[in-house]
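*Asks:* Okay, handing you the structure first.
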Amino acid sequence: MKKFISKNIQTIALVLLMLMSFISCRRGNRTTIETNDGSSSQKIEYAGRIVFSQDQTRIESIAKGGYVKFTRDGRSVQAERGRDGKVAYEFNGDSKVNVLDDDQKQFMSFAIKTIIKERAKLRGNKNY
């Protein structure tokens, strides 16, 4: 009987250890940056590998499972990799789109430039 209880405890401990390992690995892949200066607020959250265009106006690609969320003063965009591998955008909680209108392109460009700037600050890079 003692061997049976000991085996069960070992199994439970192993499962818990694996679960904690999985959760901590997933948590380490996400970055969140929030700012609020009293008159303006923004939140940036991203996970996975995201490749921006050279001119910093659009997202070239997002790794499977990756995403970008950007919110500034109540306006938001979320981008993730779609099932077809293309970047799918969702603005202000509306339907997902692959092709952006001019206003969406302008907001996305602003978001990308802001994300790059804030990420550089986090890394201590003064040349942003």
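What follows draws every value from the coordinates through simple rules; no lab data is involved. Keep in mind the model is a prediction, meaning the values are calculated, not measured. Note that we place each Cβ from the backbone using ideal geometry, even for glycine, and neighbour counts take in every protein chain shown.
*Asks:* Please list, by residue number, everything in segment 48-68 whose backbone N is under 20 Å from a paramagnetic label point 7 Å out along Cα→Cβ of Ile116.
*Replies:* Residues passing the 20 Å test: 48-63, 67-68.
*Asks:* OK, next. Go through segment 87-128 and name the trypsin sites (Lys or Arg not before Pro) that are in a DSSP coil and have 10 or fewer other Cβ atoms within 10 Å of their Cβ.
*Replies:* Answer in residue order: Arg123, Lys126.
*Asks:* Evaluate the charge dipole of segment 30-122 about its Cα centre and quote only its size in Debye, nearest 20, assuming +1 on the Cβ of each Lys and Arg and -1 on the Cβ of each Asp and Glu.
*Replies:* Dipole size: approximately 420 debye.
*Asks:* Given 0.36 nm per residue, what is the gain on full extension from Glu60 to Glu34 after removing their alpha carbon distance, in nm? Before the final figure, lay out the partial values.
*Replies:* Values: separation 26, 0.36 × 26 = 9.36 nm, distance 2.43 nm.
Once the chain is fully extended between Glu60 and Glu34, it gains 6.9 nm.
*Asks:* Another one. Please give me, ordered by residue number, the trypsin sites (Lys or Arg not before Pro) of segment 59-88 that lie in loop per DSSP and have at most 16 other Cβ atoms within 10 Å.
*Replies:* Hits after loop and neighbour filter: Lys64, Arg83, Lys86.
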